Amino acid sequence: MRIEDPKIVAALPELGVQLKPGTSLAELTSLGIGGTTDMLRVTKHETIPDLLNLLDAQAVPHKFLGGGSNLLVGDGELPWVVLQLASRQPDIVLQRNFAQVDAAADLGRTVTFCAKNDLGGMEGLIGVPGSVGGALRMNAGAYGMQIGSYVRQVKLYRAAARKIETLEGHQISFEYRHTSFAPDDMMLAVKLELPSKPYPEILKGIRICNEKRRASQPLGQKSAGCIFKNPPGASAGRMIDELGLKGLSFGDARVSDRHANFFVNAGRASAKDMLALIAGVRERVEKSFGVILEYEVVVWNA
Ligand code: EPU
């Protein structure tokens, strides 16, 4: 979608918003799939309510992009514009056991920066691509931990109230790859409370998680991480593997040979290819196991 309304275009500089026309979302997502649209890079949190009022007044549909690592975007010219936060510097500020982190900060950088300052707890998240805001929204987790356990405060744009609010940790519920945030809430910053641990000890944990991940996941390939959530008490990857579906392809969309719950873009896969692969695998799992797998990946398909 193109922003052509002169009223919007004229207001953007004052709002601290940069317009990037015709941005390819394939270049901004870890899957390397997605069509084009106009992108609005937001540099000032405070102006977000005004920006959204302006877009809504002119009936311009929009979506919020985080780090693009858990996302499957449709093909072609997209029917909405995309908002993305520009990272604030410094993006991580430490005070005793608290880390105040900008939502646009890189998750891996946050884990290592805190580690170097003797703050641990998030070792399992090393190697998970994406932004802190995305990890927060999804309650990202791995190797027995989840980010939600460390969240003490979240600053966010609340779409329903149309304003920026600060929530205390106890006002948010964090479940397995699910949170109580509304889909159109926009994460802005988070305060984490992390346990003190000497750096060498944290590093040991980080190395173990890195090794496990390298051994079991297709890290060098374009993917969105796990496609499906694990059903209670079971592993989606193991089920897909047991059906012999590793290597199954639609065009260049392919079930990874290394981990069956990772679907990779092995070349120039389209969203159509990837969605066909997801639907095909889901159907076969349902037929064989009677389990309807729930998406973990977020799909923006028109
Ligand atoms: N397995 C297979 N074949 C496969 C994949 C897995 O047999 O192709 C078996 C493994 O051998 C193991 C079991 O299934 O016995 C579980 O596999 P794994 O330890 O890889 O964990 P997972 O349940 O598949 C979850 C998360 C990952 C996270 C890992 C490590 C979900 C959907 N996946 O994977 O998170 O990295 O545990 O904690 O919760 C993600 O969220 O995108 C993600 C990759």
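At most 14 other Cβ atoms within 10 Å and a DSSP loop assignment: could you name the trypsin sites (Lys or Arg not before Pro) in segment 1-42 that fit? If you can, show how the numbers build up before the last one.
Working: sites: 2, 7, 41; in loops: 2.
Taking segment 1-42 and a limit of 14 other Cβ atoms within 10 Å, the loop trypsin sites (Lys or Arg not before Pro) found are 2.
Here segment 211-286 is treated as a sphere whose radius is the Kirkwood value from Cα pairs; by Stokes-Einstein at 20 °C and 1.002 mPa s it diffuses with a coefficient of 174 µm²/s. Anisotropy class assigned to segment 158-236 is oblate, per the alpha carbon gyration tensor with a/c at or over the 1.5 cut-off and a/b no larger than b/c.
Each residue of segment 274-287 is assigned a 3J(HN,Hα), and the resulting list reads 5, 5, 5, 5, 4, 5, x, 5, 4, 5, 5, 5, 5, 4 Hz, derived from the Karplus form 6.51 cos²θ - 1.76 cosθ + 1.60 (θ = phi - 60°), x at Gly and Pro. Extension gain, residue 286 to residue 184, is 33.7 nm, computed as 0.36 nm per intervening residue step minus the present C-alpha separation.
Measuring with a 1.4 Å probe in the full set of protein chains, what accessible area per residue, in whole Å², belongs to segment 7-46? Let's see the in-between values first.
Working: 1750 Å² over 40 residues.
Solvent-accessible surface per residue comes out at 44 Å².
Out of the total accessible area of segment 7-106 (probe 1.4 Å, heavy atoms of protein only), what percent is carbon and sulfur? Summing carbon and sulfur atoms, their accessible area is 52 percent of the total for segment 7-106.
Choose one of 206, 219, 174: the residue whose Cα lies farthest towards the positive end of the charge dipole of the chain (beta-carbon charges +1 Lys, Arg; -1 Asp, Glu; about the Cα centre). It is 206. For the chain, a/c is not less than 1.5, where a ≥ b ≥ c are the root eigenvalues of the C-alpha gyration tensor, and a/b does not top b/c. That puts it in the oblate class. Every Cα-Cα pair in segment 33-76 was counted, and those over 15 Å apart are 54% of them. Its alpha carbons considered, segment 110-189 gives a radius of gyration followed by a Dmax of 12.8, 39 Å.
Percent of accessible area on segment 232-302 owned by carbon and sulfur, 1.4 Å probe?
Numbers: 1700 of 3730 Å².
Carbon plus sulfur share of accessible area: 46 percent.
Only Lys, Arg, Asp and Glu carry charge here, each on its Cβ (+1 for the first two, -1 for the last two); on that basis the chain has a dipole of about 680 debye about its Cα centre. Relative to the present Cα-Cα distance, how much length would full extension add between residue 95 and residue 152 at 0.36 nm per residue of separation? Gain on extension, residue 95 to residue 152, equals 19.2 nm. Around the amide H of residue 68, modelled in the peptide plane, lie the amide H atoms of 131, all under 5 Å away and 5 or more residues distant in sequence or on another chain. Which of rounded, prolate, oblate describes segment 102-248, given a ≥ b ≥ c as roots of the alpha-carbon gyration tensor eigenvalues and a/c under 1.5 marking rounded, otherwise prolate only if a/b is larger than b/c? It is oblate, given that a/c is not under 1.5 and a/b is not larger than b/c.
Can you tell which of 101, 122, 85 lies farthest toward the positive end of the dipole of the chain, using +1 and -1 charges on the Cβ of basic and acidic side chains (Lys, Arg; Asp, Glu)? The listed residue farthest towards the positive side: 122. Put 45, 170, 178 in order of accessible area, highest first, and with a 1.4 Å probe you get 170, 178, 45. The value of relative contact order for segment 203-302, using C-alpha pairs under 8 Å at least six residues apart, is 29 percent. The calculated Kirkwood hydrodynamic radius for segment 2-150 is 16.7 Å, given to one decimal from all distinct C-alpha pairs. Provide the percentage of antiparallel DSSP beta bridges, counting only those with both residues in the chain; round to the nearest 5. Just about 75 percent of them are antiparallel.
The values are calculated or read from the model by the stated rules, or taken from the named source; none is laboratory data. Quick caveat, the model's predicted, so the values are computed rather than measured. Don't worry about glycine lacking a Cβ; one is built from the backbone with ideal geometry, like all the others, and counts go over all protein chains shown. Note: accessible area is taken over every heavy atom of the protein model, side chains too, but ligands, DNA and RNA are not part of it. Shrake-Rupley method; radii C 1.70, N 1.55, O 1.52, S 1.80 Å.
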